[in-house]
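One structure is given below, encoded as structure tokens.
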Amino acid sequence: MFIERSEPLTTTTTRPGPIHPLLRGGEDYPFVKLDKRVKALTPPGIVPINFSIGDPRERTPEFIRETLRAAVPEVSSYPAMAGQPGLRSACAGWLQRRFGVSVDPETELLPLNGTKEGVYLLAQALVGADDARRTVVIPGPAYPVYEPGARFAGADVHAVPLRAADGWRFDPARVPDAVWAKTALLWLNSPHNPTGAVTPIETLQRVAELARQHGFWVASDEAYAEVFFDVVPRSMLECGTSNVLAFHTLSKRSAMTGYRSGFMAGDARLIAALKRFRPNVGVATPDFVQTAAIAAWSDDAHSAGQRALYAAKRDLMKTEFERRGWTIEASEATFYLWVKVPDGDDWAWGERLIQRGIVASPGSMFGPEGKGYLRWALVPTLEQCREALTRLDASPDGTSA
């Protein structure tokens, strides 16, 4: 019913509602900032070849797409928060085949809407339980979501700069015991984004021992565990599940970034707590996506095929970069090449590349420790990689950006 107002509303100074301090006047998410530069600097008529974001341009294998199509129901229903039993079993089966690790799919594994969901929310589920433990330890450079997830949870962040001299690998001895005593969560990432370094099993074992000694959680982001070449990455779960949580995803392994399907596995105590937490922030991936994910986790041949595609692109780009005198560091695994910028100005180099229709990520997007490097994500097709090299060859000096 329409109600006529007898008097007009008076207007005074409008007082806006509150906004979280971290969202007031802050900087854009790094890839949003980069995208703005791409739009501003790309020459007219040129379609950029994008090596910046880790979004594979290869086709999702046909059997996965066909499974998805066949699984779309006539009547839609909310998916179960803990995921289909068949999906949990498929994930556990893959862990057994890949790492020789046995986890209970009922109590030690939880599917996710892509691992980014769990990565962001984890600190919110942990920080605050013990006021004496408000620290999240993050080796950097790092995936840009770890720190905001901690900050939004009200955590204190202790940054551990990774160093080229250490091969960009985390050394737990560089964190004082006084910090471990305040730590709720340590983020590990191996194979490492953005550098492609692989953490040896001896370091993983030492981290597990420290976590159990000091009483903190280890979150091991292993999104690139299936994208390797000469060095086969190990899992934190091989050191036992106590105090440990590992994240895995189909985004890179199976070219399924848009499907948003991953899982976390580890300590049954933490999984139980996260099962209580998760219904407050979302539910599981749609059932038809879960059915496709079951097919993907149950098949290993296609992931080897994906790895071969990346190997071909890696060989091509690595050879050409080295021919130009560019220094490549770490880059043992993942589909990233971590390339040192000769003059140290990663954003300036990145912008010169954009002006030639090529996009790579300035290393400082991943934290101050990455300044002076470019991360090249080898996600364009092989033909697009060749075209990018042609564009580089057409530059005035023929060698540098």
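The values are calculated or read from the model by the stated rules, or taken from the named source; none is laboratory data. Quick caveat: nothing in here was measured; it's all calculated off a predicted structure. Virtual Cβ from ideal backbone geometry, glycine too; neighbours counted across all protein chains shown.
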Mind counting the residues in segment 164-180 that are of a type in the set (Gly, Ala, Ser) and touching a residue at least 40 places away in the same chain (Cβ under 8 Å)?
2
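Which residue out of GLY154, GLY167 is under 23 Å from LYS252 (Cβ atoms), assigned by TED's automatic domain parsing to the domain that holds GLY258 and within 23 Å of the chain's Cα centre (by Cα)?
So the residue among GLY154, GLY167 that is under 23 Å from LYS252 (Cβ atoms), assigned by TED's automatic domain parsing to the domain that holds GLY258 and within 23 Å of the chain's Cα centre (by Cα) is GLY167.
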Do you know which residues across segment 305-362 are over 23 Å from the mean Cα position of the chain (by Cα), aliphatic (A, V, I, L, M) and surrounded by fewer than 19 Cβ atoms within 10 Å (Cβ to Cβ)?
LEU316, ALA348
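Just the residues that are over 30 Å from GLN290 (Cα atoms), free of Cβ contacts under 8 Å to residues at least 60 places away in the same chain and not aliphatic (A, V, I, L, M), please, taken from segment 27-68.
Our first condition is that a residue be over 30 Å from GLN290 (Cα atoms); within segment 27-68, this holds for 27-28, 30, 33-49.
When the remaining residues are screened for being free of Cβ contacts under 8 Å to residues at least 60 places away in the same chain, the result is 27-28, 35-36, 39-40, 44-45.
Matches in segment 27-68: GLU27, ASP28, ASP35, LYS36, LYS39, PRO44, GLY45.
When you scan segment 143-168, how many residues do you find that are in contact with a strand residue (DSSP E or B) (Cβ under 9 Å, 6 or more places away or on another chain) and either closer than 21 Å to ILE201 by Cβ or among the charged types (D, E, K, R) (or both)? First the steps, then the outcome.
Within segment 143-168, the first condition is being in contact with a strand residue (DSSP E or B) (Cβ under 9 Å, 6 or more places away or on another chain), and the residues that meet it are 143, 146-147, 149-151, 153, 155-162, 164, 167-168.
Checking the rest, the ones that are also either closer than 21 Å to ILE201 by Cβ or among the charged types (D, E, K, R) (or both) come to 147, 151, 156, 160, 162, 167-168.
Total meeting the criteria: 7.
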Can you tell me which residues in segment 68-107 are more than 23 Å from ARG269 (Cα to Cα) and outside any helix (DSSP H, G or I)?
VAL72, PRO73, GLU74, VAL75, SER76, SER77, TYR78, PRO79
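Check every one of the strands (runs of 3 or more DSSP E) wholly within segment 144-221 and list those with 3 or more residues that are buried (at least 23 other Cβ atoms within 10 Å of the Cβ) and out of contact with any Asp or Glu (no Cβ under 9 Å at 6 or more places or on another chain). Give the derivation first.
On the way: elements: 156-161, 183-189, 217-221.
Strands (runs of 3 or more DSSP E) meeting the threshold: 183-189, 217-221.
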In segment 120-139, which residues are surrounded by fewer than 19 Cβ atoms within 10 Å (Cβ to Cβ) and either within 25 Å of SER361 (Cα to Cα) or of a type in the set (A, V, I, L, M) (or both)?
TYR120, ALA129, ALA132
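Out of curiosity, is VAL47 outside any loop (DSSP other than H, G, I, E, B) and farther than 21 Å from ALA308 by Cβ? Before you say what the answer is, go through the steps one by one.
Working: outside any loop (DSSP other than H, G, I, E, B): no; farther than 21 Å from ALA308 by Cβ: yes.
The answer is no for VAL47.
Residue under question is LEU110, and the condition is that it be in a strand (DSSP E or B) and either touching a strand residue (DSSP E or B) at 6+ places or on another chain (Cβ under 7 Å) or not assigned by TED's automatic domain parsing to the domain that holds GLY266 (or both); does it hold?
Considered against the rule, which asks whether it is in a strand (DSSP E or B) and either touching a strand residue (DSSP E or B) at 6+ places or on another chain (Cβ under 7 Å) or not assigned by TED's automatic domain parsing to the domain that holds GLY266 (or both), LEU110 comes out as yes.
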From the residues in segment 33-73 that are among the hydroxyl-bearing types (Ser, Thr, Tyr) and under 23 Å from ARG375 (Cα atoms), which one is surrounded by the fewest Cβ atoms within 10 Å (Cβ to Cβ)?
THR42
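Restricting attention to segment 285-298, does a residue exist that is part of a loop (DSSP other than H, G, I, E, B) and surrounded by fewer than 22 Cβ atoms within 10 Å (Cβ to Cβ)? Lay out the reasoning, then the answer.
In the first step, residues of segment 285-298 are kept if they are part of a loop (DSSP other than H, G, I, E, B); the result is 285-286, 298.
After this cut, where a residue has to be surrounded by fewer than 22 Cβ atoms within 10 Å (Cβ to Cβ) as well, the list is 286, 298.
Within segment 285-298 (the criterion being part of a loop (DSSP other than H, G, I, E, B) and surrounded by fewer than 22 Cβ atoms within 10 Å (Cβ to Cβ)), the answer is yes, since at least one residue qualifies.
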Out of (1) part of a helix (DSSP H, G or I); (2) surrounded by fewer than 21 Cβ atoms within 10 Å (Cβ to Cβ), the one SER251 does not meet is (2)
